[in-house]
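Let me begin by presenting the structure, written as structure tokens, before commenting on it.
The values are calculated or read from the model by the stated rules, or taken from the named source; none is laboratory data. Values in this document were obtained by computation on a predicted structure and should not be read as measured data. So basically every Cβ, Gly included, is an ideal-geometry build from the backbone, and we count neighbours across all protein chains shown. Protein only, heavy atoms only, side chains kept; ligands, DNA and RNA dropped before computing areas. Shrake-Rupley method; radii C 1.70, N 1.55, O 1.52, S 1.80 Å.
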Amino acid sequence: MQRLLPHPLLTIILAIIWLLLNNSIAPGQITLGLLLGWAIPFFALQFWPTKLKVHKPLTLLKFSYILLYDIIEANFIVALRILGKPEKLRPAFIVVPIDLNSDFAMSILANTSCLTPGSLSALLAPDRKSILMHAMDVEDVDVFIHTIKTRYEQPLKEIFEE
Amino acid sequence: MNIALEILLSVLIITGALFTFIGSLGLARLRDFYTRLHGPTKGTTLGVGCLLIASSIFFSTQGDGFSIHEILITFFLFITAPISAHLLAKSALHLKVDSLVPLPDEAIARKNSQHKPYQSLD
């Protein structure tokens, strides 16, 4: 089972992507999608050495909701800052300590921090203990770090690592 | 096509265009490389999102069934925009591109330790 179906979650996601690409839910397409969803992880197994496991699907759902809200908010904030006075911005480089273990959770954290208000991940420390972020307009560095840690890192840790 | 739908589509397209424009305007208005990265990565996601929702609604109401493959474009955009921003920021740090604020010591120290001056083999 483990050998034949290495990543069940990935299989489902790939099948859904296939159906969306084809814009159809015909039985033939579903079969083809599932077939591809099985074959691609099966042959690309080497690239996914660690098993991806979602421990708390509900937290993931809540996290996606928070993220969607933050992305929309970020768009308005950045738009206002661009239209406002760029001279008054207070950009800063901030080292955010992280304690995530899995690569996947780390890349999701770096990705989300980039879509959310005012931050951009720039560099992952070689020891994987911190991410260097660039913030567009930051008032208090500690508040910034606290927000990243509680709002994004904590749920990610719960979802992927427990 | 009824008038309400047309108004909805127009509003979506105009909002989308506006956000994409503001995002690009950031490139001209902001003052250093690192802050400029914020405009196009964040300011445009909602812009493109609005345009794609408009496209999805338009083609779904044309009678050829649902058209939802636009969702995929949004999905891919959310994945790729941060990655390109990350790589741009990383290479800028590597090249020590000028910034309004001092560059982080950590990055500079790392660069110095890794980047030994070129030595010829002989």
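Figure legend. Inter-residue proximity from the range B:23-46: first residues aromatic (F, W, Y), second residues open to solvent by less than 10 Å² (accessible area, probe 1.4 Å), beta-carbon distance below 7 Å, spacing 6+ or different chains. Indicated pairs: B:F33/B:A92; B:Y34/A:H134; B:Y34/B:A89; B:Y34/B:A92. Contact map, the range B:91-104: first residue facing chain A (nearest Cβ under 9 Å) and over 14 Å from A:V95 (Cα atoms), second residue surrounded by 14 or more Cβ atoms within 10 Å (Cβ to Cβ) and of a type in the set (S, T, Y), Cβ cut-off under 6 Å, separation 6 or more or different chains; pairs are B:S99/B:Y34. With the structure loaded, tell me whether B:R110 is modelled with pLDDT under 85 and assigned to a helix (DSSP H, G or I) or whether it fails that test. Answer is yes for this residue. Is the range A:125-138 home to any residue that is acidic (D, E) and either under 30 Å from B:K96 (Cα atoms) or modelled with pLDDT under 85 (or both)? Yes, there is a match, as at least one residue in the range A:125-138 is acidic (D, E) and either under 30 Å from B:K96 (Cα atoms) or modelled with pLDDT under 85 (or both). Criterion applied to A:L67, A:L61, A:L52 was being more than 12 Å from every other protein chain (Cβ to nearest Cβ) and either assigned to a strand (DSSP E or B) or touching a residue at least 24 places away in the same chain (Cβ under 8 Å) (or both), and the one residue passing it is A:L52. Is it true that B:S67 is more than 19 Å from the chain's Cα centre (by Cα), in a loop (DSSP other than H, G, I, E, B), closer than 16 Å to A:S119 by Cβ and at the interface with chain A (Cβ under 8 Å from one of its Cβ atoms)? Criteria not met by B:S67. Within the option set A:I82, A:I131, A:I94, A:I148, being in a helix (DSSP H, G or I), under 21 Å from B:P104 (Cβ atoms) and open to solvent by less than 40 Å² (accessible area, probe 1.4 Å) holds for one residue only, A:I148. Looking across the range B:21-55, the residues that are over 23 Å from A:P91 (Cβ atoms) and open to solvent by 10 Å² or more (accessible area, probe 1.4 Å) come down to B:V48, B:G49, B:C50, B:L51, B:L52, B:I53, B:S55. Residues that are aliphatic (A, V, I, L, M) and open to solvent by 40 Å² or more (accessible area, probe 1.4 Å) were ranked within the range A:69-79; the one that is nearest to A:V141 (Cα to Cα) is A:I77.
Taken together, the residues in the range A:17-39 that are in a helix (DSSP H, G or I) and either under 18 Å from A:V54 (Cα atoms) or open to solvent by less than 80 Å² (accessible area, probe 1.4 Å) (or both) amount to 13. Residue check: B:I7 meets all listed conditions (1) at pLDDT 80 or above; (2) buried (at least 18 other Cβ atoms within 10 Å of the Cβ) but one, namely (2). With respect to A:L83, determine if the residue is over 22 Å from the mean Cα position of the chain (by Cα) and closer than 29 Å to B:A17 by Cα. Spelling it out, A:L83 is indeed over 22 Å from the mean Cα position of the chain (by Cα) and closer than 29 Å to B:A17 by Cα. If only residues of the range A:99-120 that are among the aliphatic types (A, V, I, L, M) and in contact with a strand residue (DSSP E or B) (Cβ under 6 Å, 6 or more places away or on another chain) are counted, the one that is farthest from A:Y65 (Cα to Cα) is A:L120.
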